[in-house]
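The block underneath contains the structure these notes are about, expressed in structure tokens.
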Amino acid sequence: MFEILFQYGSVTIKTFNIVLAIGFLFTGAFAIRFANRQNLSLSFLSKNLIYVLLAIIIGGRLFYVIEHWPAFRSGLKYMFYFWDMHFSFFGVLYGLIACLILLTRKTSEDFWSWYDLGIFSVLFSMIFINIGNFFNGTNYGIPTDLPWGISFDTTNIPFVNPIHPTQLYAALLALVVFIYAVKHSKRVHLSGVVGNTAIMVYSLGMLGLNFLSGSPSLYVKVSFGIIATLAFIFQVTCSYKSHNLPKNT
């Protein structure tokens, strides 16, 4: 559905790439505004932005290759074709967290404050990525008789009947969790708590949505369950250890 936005000769512009570019700009603007509101160091962000982006790209690509290893086994060079925009959500998340841990350890910056910013930014970008997946015809759902079922005219989808627009469900889920998290962060002053809650709720929601997926993957379901579990563990850690709350709290 509208996979190609513009094509002239050998020049092809995909809708997914345009939506992704818009999402990148809006996510960057949000990150700067949120950092200002939380009194986070913009110099820390500007100095280490390249490292964060590299961690996201490498982590996202590495996990995608692992997830789709049979497709890369016959042509290892395609592992490095980053411009095809195929990345794993799990790799992006793990790469981001690992990078923030290393960077904040070298400075006096609070990991949990930057963790909140990172999680909120990931959720915000997932709104645009899921919308892009809708136009791309990827991450599609199973057939449905519901009135909002959508038919896709693409060879990527094996179903002829209308199917669940699971990409839009995922985008709506990311939007709702993002709005709640940002508003709730204004009332909760303990950094890390809202970010962990947000990624935990989003992961559990995506775990449920995957039962409507037209190409179900046990790996994806288990991975979202792992992220929700890790978020819960992080919740306990950031609440009782890193913030050094009184013992009677």
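The values are calculated or read from the model by the stated rules, or taken from the named source; none is laboratory data. Everything numeric here is computed off the predicted structure, so don't read it as measured data. Cβ: placed from backbone, ideal geometry, glycine included. Neighbour counts: every protein chain shown.
Summary table below
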read-out: The range 1-53 - residue that is of a type outside the set (Asp, Glu), surrounded by 13 or more Cβ atoms within 10 Å (Cβ to Cβ) and touching a strand residue (DSSP E or B) at 6+ places or on another chain (Cβ under 7 Å) and, of those, modelled with the lowest pLDDT; value: 5
read-out: Which numbered condition residue 36 fails, given (1) assigned to a loop (DSSP other than H, G, I, E, B); (2) in contact with a helix residue (DSSP H, G or I) (Cβ under 8 Å, 6 or more places away or on another chain); value: (1)
read-out: From the options 16, 72, 63, residue that is part of a helix (DSSP H, G or I) and in contact with an Asp or Glu (Cβ under 8 Å, 6 or more places away or on another chain); value: 16
read-out: Index of the failed condition, residue 108 passing every other in (1) modelled with pLDDT under 90; (2) more than 20 Å from residue 43 (Cα to Cα); value: (2)
read-out: Residue in the range 114-127 that is over 30 Å from residue 55 (Cβ atoms) and either of a type outside the set (Phe, Trp, Tyr) or part of a helix (DSSP H, G or I) (or both) present; value: no
read-out: Check on residue 127, assigned by TED's automatic domain parsing to the domain that holds residue 195, under 30 Å from residue 37 (Cβ atoms) and not polar (S, T, N, Q); value: yes
read-out: Check on residue 182, at pLDDT 90 or above, closer than 22 Å to residue 168 by Cβ and in a helix (DSSP H, G or I); value: yes
read-out: Test: residue in the range 181-201 that is touching a Gly at 6+ places or on another chain (Cβ under 9 Å) and more than 22 Å from residue 32 (Cβ to Cβ); value: no
read-out: Matching residues, the range 105-143, being touching a His at 6+ places or on another chain (Cβ under 7 Å) and of a type in the set (Gly, Ala, Ser); value: 141
read-out: Filter result for residue 156 (assigned by TED's automatic domain parsing to the domain that holds residue 222, buried (at least 19 other Cβ atoms within 10 Å of the Cβ) and either part of a loop (DSSP other than H, G, I, E, B) or under 15 Å from the mean Cα position of the chain (by Cα) (or both)); value: no
read-out: Qualifying residue in the range 75-87 (condition: acidic (Asp, Glu) and under 20 Å from residue 138 (Cα atoms)); value: yes
read-out: Condition broken by residue 56, with the remaining ones in (1) closer than 30 Å to residue 218 by Cα; (2) surrounded by fewer than 17 Cβ atoms within 10 Å (Cβ to Cβ); (3) touching a Phe, Trp or Tyr at 6+ places or on another chain (Cβ under 9 Å); (4) at pLDDT 90 or above satisfied; value: (2)
read-out: In the range 59-85, the residues that are modelled with pLDDT under 85 and not hydrophobic (A, V, I, L, M, F, W, C); value: 67, 68, 70, 73, 74, 75, 77, 78, 81, 84
